[in-house]
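Peer 1: Here you go, one structure.
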């Protein structure tokens, strides 16, 4: 097996574990906070929101920093720091006895949540541009698989072993995977002489992003995708309860959530391969339109099975968006600054993770949960319009320059 393939296999497995670890707390977060004492429902729900959201908020500011360090010192050291950092954060989450301690540890986890974007930068740097979509799509399958099975695994482990040992077992698994990075990953860095080596300041990177319309465009699109995706997720259990009279609402909501993940898992790599052949901008435009179309019937669903089917189709569409965006950045950004550019892209995505639930809560509060699906569809159409305008503008500039 070549070094590149071995690196991809190891990072796929590690991304699976890290993706699972970041979502495994979701099924029992409120229950874990309740176990700290006798609190009313309002207190538990408020702190559950704070504890869940603070990780993404901190990561929004930190991701470009890890990307910059990776560009300068190599991505493997950053993988080790963030991997062991995540493992330590999760380990101590199982030891706390107060919600403030859990909140602080989630902040610490946000600081070291640079593992997945750094892994993307590592694999992207070693992958030829003509096959970037397929390779990055394969890597994305690891993250998707982790986030798909994370809540299921976390819930099952909590029921079997209890909260404390669930955190400890997850922490040990991530530490083992990170040790695999230590001994298994071989990073090939571009060799340049000191005279040829070019370093970019943070100002240079930001200037590059804003001077290349397509870069800032795909980052805005990444933000809109996350806002659209996360606006409905916190409300899904309530929506399922409206469609079904069965008592096991949590299980049925899990089915609806997993349907999106299975669709995502099925098509992510295929969309990447198609993007390598016909262009990632064409695939991304197609996926944005498909997502906008498949989200509408979810608002009109009268039975749970209808919702599950269209969540599956929606997952198939949304699965190829991130690999297409990453492959785009791989093509447009110089290799020496790709880690930091990908870090900024990840920051936009983390910001969407924070804004999405807030938007969904506001919209549903005013006009009901079904209206959130219509707003989500509008966001995908807006992203399509932004991308179409940017591509046409770039083509017009190209023709005028010759």
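Coordinate-derived values only; no laboratory data. Nothing here was measured: the structure is a model prediction, and the numbers come from that model. Backbone-built Cβ (ideal geometry, glycine too); neighbour counts: all protein chains shown.
Peer 1: Would you please give the FRET efficiency between residue 212 and residue 38, computed as 1/(1 + (r/R0)^6) with r the Cβ-Cβ distance and R0 = 41 Å, to the nearest 0.05? Mind dumping the intermediate values first?
Peer 2: Values: r = 55 Å, r/R0 = 1.35.
Between residue 212 and residue 38 the formula returns 0.15.
Peer 1: When the chain is fully extended, how far beyond the present Cα-Cα distance does residue 393 get from residue 296, taking 0.36 nm per residue of separation?
Peer 2: Details: separation 97, 0.36 × 97 = 34.92 nm, distance 2.99 nm.
Full extension of this stretch gives 31.9 nm more.
Peer 1: For the chain, rounded, prolate or oblate, judged on the Cα gyration tensor with a ≥ b ≥ c (square roots of eigenvalues), a/c < 1.5 rounded, else prolate if a/b > b/c?
Peer 2: Values: a/c = 1.78, a/b = 1.21, b/c = 1.47.
Note, shape of the chain comes out oblate.
Peer 1: Quick check: Cα centre of region 306-373 to Cα centre of region 34-68, how many Å?
Peer 2: Rounded to whole Å, the Cα centres lie 19 Å apart.
Peer 1: Find the relative contact order for the chain and round it to a whole percent, using C-alpha pairs within less than 8 Å whose residues are 6+ positions apart. All intermediate terms of the calculation are to be shown ahead of the outcome.
Peer 2: Working: 644 pairs, mean separation 106.8, N = 402.
Once divided by the residue count of the chain, the mean separation gives 27 percent.
Peer 1: What full-extension length gain, to one decimal in nm, is calculated for residue 305 and residue 201 as 0.36 nm per residue of separation minus the Cα-Cα distance?
Peer 2: Result: 32.2 nm gained on full extension.
Peer 1: With the calculation restricted to Cα positions, what are the radius of gyration and Dmax of region 333-377 in angstrom?
Peer 2: 15.7, 48
Peer 1: Give me 170, 376 sorted ascending by neighbouring Cβ count inside 10 Å, so fewest comes first.
Peer 2: 170, 376
Peer 1: Over region 202-402, calculate the relative contact order: mean separation of alpha carbon pairs under 8 Å at least 6 apart, over the residue count, as a percent. Walk me through the intermediate numbers first.
Peer 2: Numbers: 259 pairs, mean separation 77.0, N = 201.
About 38 percent, as a whole number.
Peer 1: Here's another thing I want to ask about it. Taking 7 Å along the Cα-to-C-beta vector as the label spot, tell me the residue 72-residue 5 distance in nanometres, rounded to one decimal.
Peer 2: Distance between the two pseudo-spin positions: 3.7 nm.
Peer 1: Among rounded, prolate and oblate, which fits region 202-402 when a ≥ b ≥ c are the square roots of the eigenvalues of its C-alpha gyration tensor, a/c under 1.5 means rounded, and a/b larger than b/c means prolate?
Peer 2: The shape class here is prolate.
Peer 1: Another one. Could you give the length gained on full extension between residue 156 and residue 382, defined as 0.36 nm per residue of separation minus the Cα-Cα distance, in nm? Let's see the in-between values first.
Peer 2: Numbers: separation 226, 0.36 × 226 = 81.36 nm, distance 3.91 nm.
Length gained between residue 156 and residue 382: 77.4 nm.
Peer 1: Follow-up. Can you tell me how region 124-186 classifies by the Cα gyration tensor, rounded, prolate or oblate, using a/c under 1.5 as the rounded cut?
Peer 2: On the way: a/c = 6.11, a/b = 1.88, b/c = 3.26.
It is oblate, given that a/c is not under 1.5 and a/b is not larger than b/c.
Peer 1: Also: Neighbour counts of other C-beta atoms within 10 Å: give me 179, 23, 160 arranged from fewest to most. Provide the component values of the computation, followed by the final result.
Peer 2: Numbers: 179 14, 23 18, 160 9.
Ranking 179, 23, 160 by Cβ neighbours within 10 Å, fewest first, gives 160, 179, 23.
Peer 1: Let me ask something additional. Sort 11, 108 so that the residue with the fewest other Cβ atoms within 10 Å of its own Cβ comes first and the one with the most comes last.
Peer 2: Working: 11 28, 108 17.
So the ranking, lowest neighbour count to highest, is 108, 11.
Peer 1: Further question: To check my understanding: the extent here is largest minus smallest coordinate of the Cα atoms along each principal axis. What are those three numbers for region 309-402, in Å, largest first?
Peer 2: Here the Cα extents, ordered largest to smallest, are 52, 30, 26 Å.
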